[in-house]
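Notes follow the structure.
The values are calculated or read from the model by the stated rules, or taken from the named source; none is laboratory data. What you see is a predicted model; the values in this text were computed from it and never measured. Just so you know, the surface numbers come from the protein's heavy atoms only, side chains and all, with ligands and any DNA or RNA stripped out. Shrake-Rupley method; radii C 1.70, N 1.55, O 1.52, S 1.80 Å.
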Amino acid sequence: MAQTGPKSNRRRHAGAMAEADGVNEVEQEEGARSLARRALLTRGGGLVAAGVAGAGVMGVVSATAASAATGDPVLQGDVNDAVATTELDAAANTTPALILTNTGVDTTNNGAGPTLRLTPSTASGVQPTASTVGGDLTTTSDATLWFTHDFGANGGIFPAPVLTEATGNVYAALEAPSRVLDTRSAALRKNIVNPTGNLDSTGRLKAGKTIALNLDGLVFFAEAVFANLTVTKTASAGFVTVWSGATALPNASTINFGNNATLSNFFSCGLSEFSSTITNVIAIHAAVTTHIIVDVTAFTLPGFEYANFAPALTSNARSARLQRAQQAIRANRKS
C-alpha cells in the first residue's frame with residue numbers, strides 16, 4: 001500500500017461528529033496496556049460520551065472540607081454533608097446504600113451536571129497505587145476510571161479500567177452482509193483505493209499486487225472487520241493475504257486455492273488509515289492473479305453510533321435482549 005508509514009487506526013471520525021463539536025483529535029500511546037485509543041476518546045471532551053456519568057465525571061475539582069461533624073447521621077433520601085470517615089450501609093441488598101442527584105443545574109439543553117465527580121489521583125503511571133482493598137472505584141491522573149478486584153492471597157489486588165466507549169468495544173453485526181468488493185464488476189470495484197496498475201483487463205487482482213479496500217462507507221471508526229473472502233477464476237494455484245495494511249506484507253495467508261478455483265474463507269483483521277481522508281481500509285495481496293469478492297458481516301467499534309449502517313443489535317435492542325435473558329435465568333433458578 002502506498003502509505004507514508006504504518007498508521008494505527010486509533011483516531012476519531014473526522015466527519016459530522018467531530019465538526020459538530022469542534023474538537024481536535026489527540027493521539028497518545030499509554031504503553032503496555034495499549035490505552036492509546038482509550039486516552040484519545042477520554043480526552044476528546046464532548047465528542048464521544050465516555051460512559052454513563054458523562055465526559056465531565058473525571059474532571060479535577062477543588063472541594064472544600066465537609067461541614068458535618070464526625071458521627072452525624074447520614075439519612076438516605078435526605079441532603080447530607082458527608083465526612084471522609086462516613087460509610088453508608090444499606091439495610092438490604094435490594095436497597096441502594098447511596099443515591100446521588102443533582103437538581104441545581106439547567107437540564108433543558110443537555111446541561112445536566114455530573115451526579116458524581118471523582119477527583120483524579122495524583123499518582124504517576126496508569127494504574128491506581130493507593131488502593132488497599134477490592135471494590136475501590138478511583139480515577140487516575142490521565143482521567144481513566146478504575147475498579148479494584150480482590151483475588152485473594154494468591155492474586156492480590158488487581159486494578160482494571162472500567163469499560164466505557166473509551167476503554168472497550170462493541171461487536172456490531174450488520175443486519176445483512178454487505179458486498180464491498182467484487183472485481184468482476186466495475187461498479188463493485190469503486191471501493192478500491194489504488195486500482196491503477198494493480199488490476200488486469202478483466203478486473204482481476206494481479207499476481208504480486210496489493211490493493212487497499214476502503215470501508216469508510218460502512219463505518220466512522222472501527223477496530224476490526226469481520227468478512228467473507230471469495231476468490232474465483234484463479235490463474236493458478238496460490239494464496240491471498242488480507243491484513244490491516246499498517247505493516248509490511250505478513251508471512252501468512254487468508255485463503256489457499258488451486259488453479260481455476262472458486263473458494264471462500266471467513267476472516268477478521270484490523271483496519272488502518274490509507275490517508276488523512278481515507279481512514280478505514282484493509283489490504284488485500286494476491287500471490288497469483290485472481291478475482292476477489294469481499295462480503296462484510298460485522299465490525300468491532302467503540303460504540304454503535306460509530307456504525308454507518310443498521311446494526312443487527314443496537315444498544316437499545318441489546319438491553320432489551322439482556323433483560324429477557326436475565327428474566328429467563330432467574331425463572332430457571334427458581335424452578
How big is region 189-335 by the Kirkwood estimate over distinct Cα pairs, in Å?
17.0
Just the number, please: carbon plus sulfur as a percent of the accessible area of region 158-306, 1.4 Å probe, no ligands or DNA/RNA counted.
54
For ARG330, tell me the accessible area in Å² from a 1.4 Å probe, rounded to the nearest 10.
120
Kirkwood hydrodynamic radius over Cα pairs of region 248-335, then Stokes diffusion coefficient at 10 °C and 1.306 mPa s, in µm²/s
91
